[in-house]
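The values are calculated or read from the model by the stated rules, or taken from the named source; none is laboratory data. Note that the coordinates shown come from a computational prediction; the quantities given were computed from them, not determined experimentally. Every residue, glycine as well, gets a Cβ built from its backbone with ideal geometry; the counts of neighbours run over all protein chains shown.
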Amino acid sequence: MSETSSDDIHRTLAAESVKKYSRRKILWIALLIFAAIGVYFFSANSSKEALEYETASLTRDDLRVSVSATGNLKPTNGVDVGIEVSGTILEIYVDYNDVVKKGQVLATLDTNKLESHVNSAKAALNVANANLRESEINIKEAKRELARVVELYKATNGNYPSSKEIDAASIAYERSKANHEAPMAQKEQTRALLDSNEEDLKKAVVVSPMNGVVLNRAVDIGQSKVILSVKETAQ
């Protein structure tokens, strides 16, 4: 092989080595550039996220603790408010969740029948009083008659009236006293009836038995019963 050919081969090999070195260098430079870009964007995003703050004004408030549970809630102390007398609902003054006070009127009944019963009992009591007064008069008359015949018997030394008439007057007096028991009992009976009817009339006004909240209302105007559920609250 000639000297010239050997030199050409060395030059060709040298050129190839330079080309490979150049490509490798370019590749490393490209990788470094991409790595630098990646680091830049990562740092920029990290810095951006780190600098995001949430601010709020300083306020004073109470802590609120909430409890969750499943099931039906029931009041610790509740009562169903009903009524002891029959009648039609005339007015209802409360509804669900209304706050009520002890003694507050919740509803009223139509009192026409109840007032009629009271008036009837008053009339019966007036009759009983009249019968009682008449019985008292009969006792007085029988007593005077007995006193008269006894006095006359003494004045005539037993000649007049006869003992039979004196006995009759005495029996009439005792009978009048016995008969007096009936109108007295009648008066007591009608007085008790009147008191009962007047009490029923008072019960036609339904009031709350305690301070509380209305949980349920089971009736409307025109119905014939009152059922209200009231939950007790602190006094």
message: Return the residues of segment 171-184 that are among the hydrophobic types (A, V, I, L, M, F, W, C) and either outside the structural domain of ALA130 (by TED's automatic domain parsing) or more than 11 Å from ASN131 (Cα to Cα) (or both); say none if nothing qualifies.
response: ILE171, ALA172, ALA178
task: Output the qualifying pairs, or none if there are none: Cβ atoms under 9 angstrom, residues six or more apart or on different chains, first residue in segment 142-154 and part of a helix (DSSP H, G or I), second residue among the acidic types (Asp, Glu).
output: ALA142/GLU174; VAL149/GLU165; TYR153/GLU165
field: segment 153-170, residues that are of a type outside the set (D, E, K, R) and in contact with a helix residue (DSSP H, G or I) (Cβ under 9 Å, 6 or more places away or on another chain)
entry: TYR153, ASN159, TYR160, PRO161, SER162, SER163, ILE166, ALA168, ALA169, SER170
task: For VAL81, work out the one condition from (1) more than 18 Å from GLU198 (Cα to Cα); (2) surrounded by 12 or more Cβ atoms within 10 Å (Cβ to Cβ); (3) touching a Lys or Arg at 6+ places or on another chain (Cβ under 9 Å); (4) modelled with pLDDT under 85 it doesn't fulfil.
output: (3)
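Let's see how each residue does on (1) at pLDDT below 85; (2) surrounded by 13 or more Cβ atoms within 10 Å (Cβ to Cβ):
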{"site": "ASN77", "(1), (2)": "yes, no"}
{"site": "GLY87", "(1), (2)": "yes, yes"}
{"site": "GLY103", "(1), (2)": "no, no"}
{"site": "LEU106", "(1), (2)": "no, yes"}
From the options GLU199, GLU145, residue that is farther than 30 Å from GLY78 by Cα, surrounded by 12 or more Cβ atoms within 10 Å (Cβ to Cβ) and modelled with pLDDT of 90 or more: GLU145
